[in-house]
Amino acid sequence: MKYIDEYRNFKLADKLSRRIHKLVDGDSRNYNFMEVCGTHTNTFFKFGLRSLLPKNIQLISGPGCPVCVTDTSYIDNSIRLAGLKDIIITTFGDMMQVPGSHSSLYEERAKGCDIRIVYSSLDALEIAGHNPSREIVFLAVGFETTAPTIGIAILEAKRRNIKNFFIYSAHKLIPPALKQLSEDSDICIDGFILPAHVSAIIGRDAYDFLKEFNIPAVIAGFEPLDMLQGIAMLLNQLKHGKPKIEIQYDRVVKRKGNKKAQDILKKVFAVSDAEWRGLGNIPRSGLKLRRQFRNFDAENYFKIKSPRPPLKDKKSCLCGEILKGKNVPEDCRLFARVCTPENPKGPCMVSSEGSCSIYYKYKT
Amino acid sequence: MCLGVPMKVVSKRGDKAEVKSGETKREINIALLKDVGIGDYVIVHAGFAIEKINKERARETLEILREMQP
């Protein structure tokens, strides 16, 4: 497959591995790099990159898994909506098994609720078009990669004057979460591997605030050579001077990002505070529909309220600490014993990009 | 969730395009991009093209890696 296979070339991976070993040769210190995005965690394990890196480089998984950071009350509210008369819930697949306080969308579907998995928000809009007597709610979960696509669906719904289509937004923004992590003195991060496709939308310049913290950062693609080159670039930064924000994935990511997508975001969404599972409330880190699109806003139409204070996770579930990079899945007492992909207790095990799910898949 | 797949544009009409990768063919929306041409490779996410692949930069990356001394 073009633009995929070339970046999985083993000879080049081996070369990069040797370069990385050379860069840390003789170092007694550890390097902790946080890969923000779940897709990077997946690449790291899927391609066995651990074996190509020296022992003193540690990769920490960050909160870049939108399903993992969706809080319990969102799931509970979605389940409540699913139970209403004439409702069709439409959602991306990986939301189905996320546990709420008492149930999950998967279980509710088994009980007879009309809950459908869609690949695109436009598919949800089509369902609304074909079912005029029903009310279709799309669970809008995702970061800056996904939110513009929902923006297009909303604009299309408005253009076609569709009255029975709603979105329930759980959209979140990556930079505010990174800022919060950088400010946390508990965390020891020597560098960030920044997400590939969020960055394709927001651009390298959106991370300029990281300069204040003097943390090196590299926007790396999702193929193995991309990650290895990204790690080499971080090491080079640490060894040779001032930390900066570099683009490794320059075949896709630009300094200013995708302006058309950014304009769609600004047109359709307003920034709001948001509750992140594990990280708590982060100001100005979420997206809500603007007033002129309130007819498509499920929160407005169905009068959805979020509990204050927010619900806490089950006591032994370490998802929160894992998302912050403070613990690894194996530190959690529930991991692989009580909490498995068949019976997930927390979001990190449910989502295909959750740390626990990935550790379980590749380590056992 | 950040997952995006490089796919080749084989036809387009208005805001829609047909893209291909290996044996997989799919119809996607290209409204988030300014000018997409047949033969372009785009990153596909949730039914949309979110960015074009810069073929020159792609080539350069691989060239740098090939010429790199380990």
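The values are calculated or read from the model by the stated rules, or taken from the named source; none is laboratory data. Here the structure is a predicted model, which means the values were calculated and not measured. Positions of Cβ are generated from backbone atoms using ideal geometry, with glycine treated the same way; all protein chains shown enter the neighbour counts.
Residues in the range B:21-58 that are farther than 14 Å from residue A:4 by Cβ, facing chain A (nearest Cβ under 7 Å) and surrounded by fewer than 18 Cβ atoms within 10 Å (Cβ to Cβ): B:34, B:54, B:57.
In this structure, is residue A:32 surrounded by fewer than 23 Cβ atoms within 10 Å (Cβ to Cβ), closer than 28 Å to residue A:175 by Cβ and more than 10 Å from chain B (Cβ to nearest Cβ)?
yes
Among the residues of the range A:110-155, none is identified as of a type in the set (Ser, Thr, Tyr), under 15 Å from residue A:264 (Cα atoms) and more than 11 Å from chain B (Cβ to nearest Cβ).
Considering each residue of the range A:182-204, count those that are closer than 26 Å to residue B:51 by Cβ and more than 14 Å from every other protein chain (Cβ to nearest Cβ), and give that number.
Looking only at that region, the number is 2.
Applying the criterion of being facing another protein chain (nearest Cβ under 7 Å) and among the aliphatic types (A, V, I, L, M) to the residues of the range B:59-70, the residue that is surrounded by the fewest Cβ atoms within 10 Å (Cβ to Cβ) is B:68.
Condition check ((1) in a loop (DSSP other than H, G, I, E, B); (2) within 22 Å of residue A:42 (Cβ to Cβ); (3) of a type in the set (D, E, K, R)) across all residues:
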{"site": "A:215", "(1), (2), (3)": "yes, no, no"}
{"site": "A:232", "(1), (2), (3)": "no, yes, no"}
{"site": "A:246", "(1), (2), (3)": "no, no, yes"}
{"site": "A:260", "(1), (2), (3)": "no, no, yes"}
{"site": "A:263", "(1), (2), (3)": "no, no, yes"}
{"site": "A:271", "(1), (2), (3)": "no, no, no"}
{"site": "A:278", "(1), (2), (3)": "yes, yes, no"}
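Checked against the criterion of being under 28 Å from residue B:19 (Cβ atoms) and part of a strand (DSSP E or B), the range A:67-87 contains not a single residue that satisfies it.
Looking for something farther than 17 Å from residue A:139 by Cβ and touching a residue at least 24 places away in the same chain (Cβ under 8 Å) - is there at least one such residue anywhere in the range A:64-84? Explain how you work it out, then say what you get.
Here is the first cut: in the range A:64-84, the residues farther than 17 Å from residue A:139 by Cβ are A:64.
After this cut, where a residue has to be touching a residue at least 24 places away in the same chain (Cβ under 8 Å) as well, the list is A:64.
Within the range A:64-84 (the criterion being farther than 17 Å from residue A:139 by Cβ and touching a residue at least 24 places away in the same chain (Cβ under 8 Å)), the answer is yes, since at least one residue qualifies.
Filtering A:127, A:117, A:88 for residues that are assigned by TED's automatic domain parsing to the domain that holds residue A:281, closer than 14 Å to residue A:168 by Cα and surrounded by fewer than 24 Cβ atoms within 10 Å (Cβ to Cβ) leaves a single hit, A:88. Assess whether residue A:211 counts as being in a helix (DSSP H, G or I), on the phi < 0 side of the Ramachandran plot and in contact (Cβ under 8 Å) with a residue 40 or more places away in the chain. In short, no.
The number of residues in the range A:232-270 being hydrophobic (A, V, I, L, M, F, W, C) and away from chain B (no Cβ under 13 Å) comes to 6. With respect to (1) at pLDDT 85 or above; (2) under 27 Å from residue A:163 (Cβ atoms), the lone exception for residue A:306 is condition (1).
Among the listed residues A:219, A:167, A:202, A:174, which satisfies the condition of being at negative phi, within 14 Å of the chain's Cα centre (by Cα) and at pLDDT 95 or above? Among A:219, A:167, A:202, A:174, only A:174 is at negative phi, within 14 Å of the chain's Cα centre (by Cα) and at pLDDT 95 or above. Of everything listed in (1) in contact with a Ser or Thr (Cβ under 7 Å, 6 or more places away or on another chain); (2) under 26 Å from residue A:350 (Cα atoms); (3) assigned to a helix (DSSP H, G or I), the single unmet condition for residue A:228 is (2). Annotation for the range A:33-50: no member residue is under 23 Å from residue A:194 (Cβ atoms), touching a strand residue (DSSP E or B) at 6+ places or on another chain (Cβ under 7 Å) and in a loop (DSSP other than H, G, I, E, B). Contact map, the range A:217-231: first residue within 11 Å of another protein chain (Cβ to nearest Cβ), second residue assigned to a strand (DSSP E or B), Cβ cut-off under 9 Å, separation 6 or more or different chains; pairs are A:222/A:37; A:229/A:218. Only residues that are without any contact (Cβ under 8 Å) to a residue 24 or more places away in the chain and closer than 28 Å to residue B:4 by Cα: list them for the range A:13-28, please. Listed by number, the list holds a single entry, A:15. Within the range A:15-28, not a single residue is more than 9 Å from every other protein chain (Cβ to nearest Cβ) and among the basic types (Lys, Arg). Look at the range A:1-12: where a residue is facing another protein chain (nearest Cβ under 8 Å) and a partner is polar (S, T, N, Q), sitting 6+ places away or on another chain with Cβ atoms under 6 Å, you get A:1/B:21.
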